[in-house]
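*Asks:* Structure incoming, see below.
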Amino acid sequence: MTVSNRSLERGLAVLECFRPGIGTLTHGEVSERTGLPKPTVTRLLSTLRDQGYLEFDERLRAHRLGVAVLSLSRCLTLGSGLHAKMAPAIRKIALNTRTIIGFGTAHSTDIVYLEAFNGDPGRSSRHVGAGMRAPIATTSVGHGYMAGLAAAERERLVNRLSAAGHPKTRVRQVIERSVREVRAHGFCVVPYAEGQQAAIGAPIRIPRAPLHAIGIGYEVPRGSAPQEVPTKIVEALHELVELAVSWDVVC
């Protein structure tokens, strides 16, 4: 039986309100996003400020993340042997194949990228990087992740996604299709932009580590269907999956 700490859970829920593009939040916005009463939010914000995890902007009358969060992020990146192994390869392959590559694992209803890189000059405005989130329900990396889950874990994820507003029937259809494609080809395909772009995703089972997943986004060659994945994209995926699987968490 798991014993939870309600105050800690609430404090973490406050921190999780901040996402890329949401740099500052007012007291009322934090209360609305967490669903917590305003007096509770007041106490949590005060504690997080005192500990350096939040800062208060007097001009905007809003909170932003503090430097203590950045310090934790730096510790994770430097302490991750997996990141050190994967990052150079992801960047090199993304540039060589002119693709956008994301690699990470799940948190709640998102994949959090341990590393991501945009090597496509045609989509230079698309900014990706470590720490960014990709929705599990709608992205190739998310679909690849779902395909790698055991049946019981998939059902728990279906319930979480349903609670977040995704219809269960639709989620189960996506999972079933992703599982079929991964079993048949080693990856699943997600088309975008009316078939002009696509991405493939695959689960990565690393010994003694959480389930990870990878997604590679690319321009669909003119005259091709999204399901006709170029050989260089498949080879890039296989190379990165093999590299990740070869990593040993205890080394």
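The values are calculated or read from the model by the stated rules, or taken from the named source; none is laboratory data. Computed from a prediction, not measured in an experiment: that's the story for all the values here. Because the Cβ atoms are built from the backbone with ideal geometry, glycine has one as well, and the counts that use them run over all protein chains shown.
*Asks:* Within region 27-59, count every residue that is assigned to a loop (DSSP other than H, G, I, E, B) and either farther than 27 Å from A130 by Cβ or assigned by TED's automatic domain parsing to the domain that holds E115 (or both). Outline the logic, then answer.
*Replies:* Looking only at region 27-59, we keep the residues that are assigned to a loop (DSSP other than H, G, I, E, B), and these are 35-37, 51-53, 58-59.
So of that shortlist, the ones also either farther than 27 Å from A130 by Cβ or assigned by TED's automatic domain parsing to the domain that holds E115 (or both) come out as 35-37, 58-59.
Result for region 27-59: 5.
*Asks:* With respect to P210, is the statement that it is surrounded by fewer than 15 Cβ atoms within 10 Å (Cβ to Cβ) and either of a type outside the set (A, V, I, L, M, F, W, C) or in contact with a Ser or Thr (Cβ under 8 Å, 6 or more places away or on another chain) (or both) true?
*Replies:* Spelling it out, P210 is indeed surrounded by fewer than 15 Cβ atoms within 10 Å (Cβ to Cβ) and either of a type outside the set (A, V, I, L, M, F, W, C) or in contact with a Ser or Thr (Cβ under 8 Å, 6 or more places away or on another chain) (or both).
*Asks:* Another question, if that's okay. Can you give me the number of residues within region 1-26 that are in contact with a Lys or Arg (Cβ under 8 Å, 6 or more places away or on another chain) and in a helix (DSSP H, G or I)?
*Replies:* So the first thing to find is which residues in region 1-26 are in contact with a Lys or Arg (Cβ under 8 Å, 6 or more places away or on another chain), and the list is 17-20, 23-26.
Subset that is in a helix (DSSP H, G or I): none.
Residues that pass the stated criteria total 0.
*Asks:* Taking the condition surrounded by fewer than 19 Cβ atoms within 10 Å (Cβ to Cβ) and not hydroxyl-bearing (S, T, Y), does G122 pass? Spell out how you get there, then give the answer.
*Replies:* Values: surrounded by fewer than 19 Cβ atoms within 10 Å (Cβ to Cβ): yes; not hydroxyl-bearing (S, T, Y): yes.
Here the answer is yes, as G122 does meet what is asked.
*Asks:* Can I ask one more? Please specify each residue of region 1-19 satisfying the condition of being within 26 Å of P135 (Cβ to Cβ), surrounded by 11 or more Cβ atoms within 10 Å (Cβ to Cβ) and of a type outside the set (K, R).
*Replies:* G11, L12, A13, V14, L15, E16, C17, F18
*Asks:* Looking at the structure I just gave you, is R170 modelled with pLDDT under 95, surrounded by fewer than 18 Cβ atoms within 10 Å (Cβ to Cβ) and at negative phi?
*Replies:* When the stated conditions are applied, R170 passes them.
*Asks:* Do any residues in region 220-234 that are touching a residue at least 24 places away in the same chain (Cβ under 8 Å) have Cβ atoms under 7 Å from those of residues that are of a type in the set (F, W, Y) and not in a helix (DSSP H, G or I), where the two are at least six apart or on different chains, and which pairs are they?
*Replies:* I233/Y218
*Asks:* Now a separate question. Conditions first: (1) under 15 Å from the mean Cα position of the chain (by Cα); (2) modelled with pLDDT of 95 or more. G186 passes all but one, so which condition is the exception?
*Replies:* Every condition holds for G186 apart from (1).
*Asks:* Select from region 150-167 the residues that are surrounded by 13 or more Cβ atoms within 10 Å (Cβ to Cβ) and either modelled with pLDDT of 95 or more or part of a helix (DSSP H, G or I) (or both) and list them in ascending order. Don't jump to the end; show me each part of the working.
*Replies:* So the first thing to find is which residues in region 150-167 are surrounded by 13 or more Cβ atoms within 10 Å (Cβ to Cβ), and the list is 153-155, 157-158, 160-162, 164, 166.
Answer for region 150-167, where residues must be surrounded by 13 or more Cβ atoms within 10 Å (Cβ to Cβ) and either modelled with pLDDT of 95 or more or part of a helix (DSSP H, G or I) (or both): E153, R154, E155, L157, V158, R160, L161, S162.
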